[in-house]
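The values are calculated or read from the model by the stated rules, or taken from the named source; none is laboratory data. Fair warning: this is a prediction, and the values are worked out from it, not measured in the lab. Here the Cβ positions follow ideal geometry from the backbone for every residue, glycine too, while neighbour counts run over all protein chains shown.
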């Protein structure tokens, strides 16, 4: 089975739960376990929150986040993209406890959480142009038993 969808929404903190719900509903087609679904939702939540807090800052309410999702061969792929500030040093940003917003008491664990819950994580960023986070997870669930 192959399926995909793309949506665009305002970079508002309230839309983080909306993105989680959409990802959950879309990925339910793979019949994931509850743990697999929770992992996917948590990773989406972290990626969207990074866009709201770090990519746009105070300008978040007037900017957009794009979320694209693909299902193929029991692999769920999510791409979260913004057109914000970008990340000057992606490797540094991926280090645990690094944050570009310490004044907001952020933990700096977003990328670490994404890496822990997904099978792969790729971060591409250009300063002043934005960031693209691509995450993938093989979803076993009940589909494996039927194939």
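A few remarks follow.
- Qualifying residue in the stretch 58-69 (condition: touching a residue at least 24 places away in the same chain (Cβ under 8 Å) and assigned to a loop (DSSP other than H, G, I, E, B)): yes
- Members of the stretch 107-144 found to be modelled with pLDDT of 90 or more, over 11 Å from the mean Cα position of the chain (by Cα) and part of a loop (DSSP other than H, G, I, E, B), listed by number: 119, 127, 128, 129
- Residue match in the stretch 20-32 (condition: surrounded by 13 or more Cβ atoms within 10 Å (Cβ to Cβ) and not in a helix (DSSP H, G or I)): yes
- Check on residue 55, modelled with pLDDT under 95, in a helix (DSSP H, G or I), surrounded by fewer than 19 Cβ atoms within 10 Å (Cβ to Cβ) and more than 12 Å from the chain's Cα centre (by Cα): no
- Some residue of the stretch 91-106 being surrounded by fewer than 18 Cβ atoms within 10 Å (Cβ to Cβ) and at pLDDT 80 or above: no
- Of the listed requirements (1) over 15 Å from residue 119 (Cα atoms); (2) surrounded by fewer than 21 Cβ atoms within 10 Å (Cβ to Cβ); (3) within 14 Å of the chain's Cα centre (by Cα); (4) in contact (Cβ under 8 Å) with a residue 60 or more places away in the chain, residue 42 misses just one: (1).
- Looking only at the stretch 1-19, and only at residues there that are in a loop (DSSP other than H, G, I, E, B) and free of Cβ contacts under 8 Å to residues at least 60 places away in the same chain, the one that is surrounded by the fewest Cβ atoms within 10 Å (Cβ to Cβ): 14
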